[in-house]
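Attaching a single structure in structure tokens format; questions to follow.
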Amino acid sequence: MPRPVSTVRLFVALVSTALLSAPAIGMAQSASLNVEIDQAQRVQLRGPAGSVIVGNPAIADVTVVDANTLYITGKGYGVTEIVAVDAIGRTVFQSQIIVSEGAGSGRVRIWRGGQATEMACGSSCSPSIRASEAPTP
């Protein structure tokens, strides 16, 4: 004859199963994300974000498409962190962002007298105007 399962054991089993199968909205991503300079990368969040925090906006910027989708753009070389939290402060995304030069990007940096000039190169090279260096109207 089968033995009755206690109410406490049944409750613990149900809660454990629910926690293991539920989406990890409160869990943060810990892996780093590589983004090439002047390029954007799409990030799909695990849950809706209420706020997005960028550690250093000179290195990376975020465009919020909707509550669940971000685009991270590499602005300057370096490492920063981006965190997205939901409306009650739970972390839905957290990642170290590494912005570096992409392979085969066709760019050259020339240092002359302590001043760096970025050159965009195809069949010939010409000075590259980056968003941070663009003249203001």
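Just checking, does the stretch 9-25 include any residue being of a type outside the set (F, W, Y), surrounded by 13 or more Cβ atoms within 10 Å (Cβ to Cβ) and at pLDDT 90 or above?
Narrowing the stretch 9-25 to residues of a type outside the set (F, W, Y): 9-10, 12-25.
With surrounded by 13 or more Cβ atoms within 10 Å (Cβ to Cβ) added as a condition, the list becomes 25.
From what is left, the residues that are at pLDDT 90 or above are none.
Taking every residue of the stretch 9-25 in turn, none turns out to be of a type outside the set (F, W, Y), surrounded by 13 or more Cβ atoms within 10 Å (Cβ to Cβ) and at pLDDT 90 or above.
Out of V99, V43, report the one residue that is modelled with pLDDT of 95 or more, assigned to a strand (DSSP E or B), open to solvent by less than 70 Å² (accessible area, probe 1.4 Å) and not basic (K, R).
V43
The conditions are (1) open to solvent by less than 60 Å² (accessible area, probe 1.4 Å); (2) in a loop (DSSP other than H, G, I, E, B); (3) at pLDDT 90 or above, and V52 fails exactly one of them. Which is it?
Of the numbered conditions (1) open to solvent by less than 60 Å² (accessible area, probe 1.4 Å); (2) in a loop (DSSP other than H, G, I, E, B); (3) at pLDDT 90 or above, the odd one out for V52 is (2).
Tell me the residue from T73, T80 that is more than 14 Å from R46 (Cβ to Cβ) and either in contact with a helix residue (DSSP H, G or I) (Cβ under 9 Å, 6 or more places away or on another chain) or without any contact (Cβ under 8 Å) to a residue 12 or more places away in the chain (or both), please. Show your work before the answer.
Values: T80 fails: either in contact with a helix residue (DSSP H, G or I) (Cβ under 9 Å, 6 or more places away or on another chain) or without any contact (Cβ under 8 Å) to a residue 12 or more places away in the chain (or both).
One residue alone meets the criteria, T73.
Being open to solvent by 60 Å² or more (accessible area, probe 1.4 Å), farther than 22 Å from D38 by Cβ and free of Cβ contacts under 8 Å to residues at least 24 places away in the same chain is the requirement here; does D66 meet it? It would help to see each step written out before you state the result.
On the way: open to solvent by 60 Å² or more (accessible area, probe 1.4 Å): yes; farther than 22 Å from D38 by Cβ: yes; free of Cβ contacts under 8 Å to residues at least 24 places away in the same chain: yes.
When the stated conditions are applied, D66 passes them.
The values are calculated or read from the model by the stated rules, or taken from the named source; none is laboratory data. Everything numeric here is computed off the predicted structure, so don't read it as measured data. Please note: Cβ atoms are built from the backbone with ideal geometry, for glycine as well, and neighbour counts cover all protein chains shown. Ligands, DNA and RNA are excluded from the accessible area calculation, which covers all protein heavy atoms including side chains. Shrake-Rupley method; radii C 1.70, N 1.55, O 1.52, S 1.80 Å.
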